[in-house]
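Peer 1: Sharing a structure with you now.
The values are calculated or read from the model by the stated rules, or taken from the named source; none is laboratory data. Model, not experiment: these values are computed from the prediction. A quick note on method: Cβ atoms are made from the backbone with ideal geometry, for glycine too, and the neighbour counts reach across all protein chains shown. For accessibility, only protein heavy atoms count, side chains too; no ligands or nucleic acids. Shrake-Rupley method; radii C 1.70, N 1.55, O 1.52, S 1.80 Å.
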Amino acid sequence: MSGAGPQGTGAQGFGPGTIVERRDVLDGRTWISYPVRVVVDSPRLVALYLSRGTRLRFGNGPFSWGPHPWKQIGDRWQSAGVLQLHRPGRGHSVWVSKDPETGAFEKWYVNLEAPLRRNATGFSTLDHEIDLIVPTGTNVCRWKDLDKFELRVRRGHFTPEEAAAIRAEAASVARSVAEGTQWWESGWALWEAPGDWGPLSSQTSEREGF
């Protein structure tokens, strides 16, 4: 499967292949941003593709949460290209994780984050630290970075109400996976990016009007 995704995800808004910016906004400023290509933009699904080798841009100055953790790794996306699935209004995205050498599907990686917000140049969100990992062929979620999330709560990075909502969102996803009622289609595990969707740079995104 390549190009268009599973049935029922017709494009709207940004057209397929459009290069847009995906960014995390913290303290009212960009914490991290990177260009991605639009696969689907519809009322029920926003699917974005981050190519391997794409340049990452980090915000300047101090942030209340400190520098973005990816900054320690480098300024390029080093893992395999990843498809990011968003259901508008939900507080998470689902990343289709594949083996960087073989391209074989490995796992669904559920990233808890603020609901995606649309703007003129793309989309913005904010990572909520908790992740859920669903290995291929299973319906069991492995919780990741819950200790880091609770540390952020103790430091006041989330209000008690925000923390409760994030925990509830994660629990809801884990429950749906266990019941086999998760919202995303399993066919996305077979999706492949077009061959010419190579790495993007900040220069590319600037040409697109970021």
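Peer 1: Have a look at Thr138, Thr54, Thr121 and tell me which one the Gaussian network model of the chain (Cα, springs below 10 Å) gives the largest fluctuation.
Peer 2: Thr138
Peer 1: How big is D, in µm² s⁻¹, for the stretch 65-110 by Stokes-Einstein at 25 °C and 0.890 mPa s if Rh is the Kirkwood radius over C-alpha pairs?
Peer 2: 197 µm²/s
Peer 1: Mind checking the dipole of the chain: about its Cα centre, +1 per Lys or Arg Cβ, -1 per Asp or Glu Cβ, Debye to the nearest 20?
Peer 2: About 260 debye.
Peer 1: Charges at C-beta only: +1 for Lys and Arg, -1 for Asp and Glu. How large is the resulting dipole of the stretch 20-79 about its Cα centre, in Debye rounded to 20? List each step's numbers first, then the result.
Peer 2: On the way: 10 positive and 5 negative charges, 38 e Å.
Using Cβ point charges on Lys, Arg, Asp and Glu, the stretch 20-79 gives about 180 debye.
Peer 1: Given a 1.4 angstrom probe, what's the average accessible area per residue across the chain, in square angstrom?
Peer 2: Working: 10170 Å² over 210 residues.
In whole numbers, the chain has 48 Å² accessible per residue.
Peer 1: Between Ala178 and Leu146, what length in nm is gained on full extension when 0.36 nm per residue of separation is reduced by their alpha carbon distance? The partial results should precede the final answer.
Peer 2: On the way: separation 32, 0.36 × 32 = 11.52 nm, distance 1.89 nm.
Roughly 9.6 nm would be gained on extension.
Peer 1: Give the Kirkwood hydrodynamic radius (Å, one decimal) of the stretch 89-133, defined as one over the mean of 1/r across all pairs of different Cα atoms.
Peer 2: Kirkwood radius, the stretch 89-133: 11.8 Å.
Peer 1: How many nm separate the modelled label positions at Gln78 and Arg118, each set 7 Å beyond the Cα in the direction of the Cβ?
Peer 2: For Gln78 paired with Arg118, the spin-label model returns 3.6 nm.
Peer 1: Which of Gly15, Gly103, Gly156 ends up with the largest GNM mean-square fluctuation for the chain, with Cα atoms connected below 10 Å?
Peer 2: Looking only at Gly15, Gly103, Gly156, the biggest GNM fluctuation is shown by Gly156.
Peer 1: Let me ask you something else. For the chain, what does the relative contact order come out to in percent, with C-alpha contacts under 8 Å and a separation of six or more?
Peer 2: On the way: 417 pairs, mean separation 44.7, N = 210.
Value for the chain: 21 percent.
Peer 1: Considering just Cα atoms, how many Å³ per residue does the convex hull of the stretch 97-189 enclose? Could you put the intermediate results ahead of the total?
Peer 2: Values: hull volume 12.6 nm³, N = 93.
Enclosed volume per residue, from the Cα hull, is 135 Å³.
Peer 1: Still on this structure, I have one more. What whole-number value in cubic angstrom gives the convex hull volume per residue for the C-alpha atoms of the chain? Display every interim value, and only then the final one.
Peer 2: Working: hull volume 26.0 nm³, N = 210.
Spread over its residues, the Cα hull of the chain gives 124 Å³ apiece.
Peer 1: On to the next question. Looking at the stretch 98-174, which GluC sites (Glu not before Pro) are DSSP coil and have at most 16 other C-beta atoms within 10 Å of their C-beta? Kindly include the intermediate steps, with their values, before the conclusion.
Peer 2: Working: sites: Glu101, Glu106, Glu113, Glu129, Glu150, Glu161, Glu162, Glu169; in loops: Glu101.
Counting only loop positions with at most 16 other Cβ atoms within 10 Å, the GluC sites (Glu not before Pro) in the stretch 98-174 are Glu101.
Peer 1: Using modelled amide H (1.01 Å from N, peptide plane; none on Pro or chain starts), what sits under 5 Å from the amide H of Val39, excluding residues fewer than 5 places away?
Peer 2: Under 5 Å from the amide H of Val39: Gly17, Ala47, Leu48, Tyr49.
Peer 1: Would you work out which of Thr121, Val177, Trp95 lies farthest towards the positive end of the dipole of the stretch 93-210? Charges go on Cβ: Lys and Arg +1, Asp and Glu -1.
Peer 2: Positive-most Cα among the choices belongs to Val177.
Peer 1: Once neighbouring chains are kept in place and the probe is 1.4 Å, which whole percent of the accessible area of the stretch 5-136 is contributed by carbon and sulfur? Working shown, then result.
Peer 2: Numbers: 2710 of 5350 Å².
In the stretch 5-136, the share of accessible area belonging to carbon and sulfur is 51 percent.
Peer 1: Hey, another quick one. Anyone know which of Pro62, Pro88, Pro135 comes out most mobile in the 10 Å Cα GNM of the chain?
Peer 2: Pro62
Peer 1: Return the equivalent ellipsoid semi-axes of the stretch 135-192 as a descending list in whole Å, where each equals the square root of 5 times an eigenvalue of the C-alpha gyration tensor. Mind showing how you got there, number by number?
Peer 2: On the way: eigenvalues 156, 30, 23 Å².
The three semi-axes for the stretch 135-192 are 28, 12, 11 Å.
Peer 1: Right, another one. Dividing the convex hull volume of the alpha carbon atoms of the stretch 30-135 by its residue count, what do you get in Å³ per residue?
Peer 2: Working: hull volume 12.1 nm³, N = 106.
Hull volume over Cα atoms, normalised by residue count, gives 114 Å³.
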